[in-house]
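Working notes, beginning with the structure itself.
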Amino acid sequence: MALTLGLAVKLKWIGLDKPYRALWLYLVWDSLGSLAMLPIPRNITAYAVMYMIVGVGRWVFYFLITLEVVTLLMKRYPGLAGVARQAVRIALIFAALVGIGSATLDVGPGSPYPILQYFQLADRTISATALGFMGLILAFLFWFPVRLNKNIAAYSVGFVFLFGSRIVTLLLSNLMGPSRRAILSAATMAIVVLVRVYWIVCMDAAAEAAPVTIGHAWNRAEEQRLLGQLDSINSSLVKAAEKTRTL
């Protein structure tokens, strides 16, 4: 909690809360949620209720963060950005419906904590979808030589690890049962701490003005051709959007 709150304060202090609004609000929500859960004993219903409330808030921020990362990466390509944002909206809403629907089928009538199991199954589906998009974003970054600043690169990579660790934990927890849950939870928290430290170290005002090109680092001769492809695809999508608006 201290690291999360410290990162939120740092981003606010150096003025990065505005360009990374979804990230900053997520950190504030996470800090407030952890603070609210701190005095509640883990073995009572109130803790489970608060856990699910905080978790549903996180789902909203997963949606907003994925949209924000797409928008930041595609700033120079409005046509691609529009298509990507629409795909994110449809996929995450569909994932939420599928997650909730599949949970009602997977949880049997004899389950000791059915509501909590519904929540965890839905959480797994939504997190997996968000990870899928972050994975595609990472693949895009490594293939296309798009220039971006170091803060955006750190932001994207950090969330790939966060989403990935959540899904692995949820899957292993279901496979191994409650006896291993404490160990898995500790491993997830270790990854969360490492990502928070990574953001604290890497995200700063100077990095906002520091350009970096990740994609095709192994073959810089291909840069212009790939950038030309991106420009061509973007132009086609912009023209298609303009035609649709005029109809």
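Please enumerate, by chain and number, the lysines with C-alpha under 28 Å from the C-alpha of residue 239, excluding those fewer than 8 residues away in the same chain.
Within the straight-line limit of under 28 Å, residue 239 reaches these lysines: 75.
Pop the C-beta distance of residue 45 and residue 224 into the FRET formula with R0 = 51 Å and round what comes out to the nearest 0.05.
In this case the efficiency is close to 0.25.
Order these by the 10 Å Cβ neighbour count, fewest first: 125, 188, 45, 213.
Ascending number of Cβ neighbours within 10 Å: 45, 213, 188, 125.
Can you sort 29, 13 so the residue with the fewest Cβ neighbours within 10 Å comes first?
So the ranking, lowest neighbour count to highest, is 13, 29.
Cross-link candidates for residue 150: which aspartates and glutamates have Cα within less than 14 Å, leaving aside residues fewer than 8 places away along the same chain?
Residue 150 reaches 204, 208.
Nearest 0.05, what FRET efficiency do residue 117 and residue 91 give at R0 = 30 Å with Cβ-Cβ as r?
So the FRET efficiency works out to roughly 0.80.
What is the distance, in nm, between label points placed 7 Å from the Cα along the Cα-to-Cβ direction at residue 236 and at residue 56?
If labels sit at residue 236 and residue 56, their model points lie 4.3 nm apart.
FYI, it's all coordinate maths here, none of it is from the lab. For clarity, every value in this text was computed on a predicted model and none was experimentally measured. As a convention, Cβ positions derive from the backbone with ideal geometry for all residues, glycine included, and neighbour counts pool all protein chains shown.
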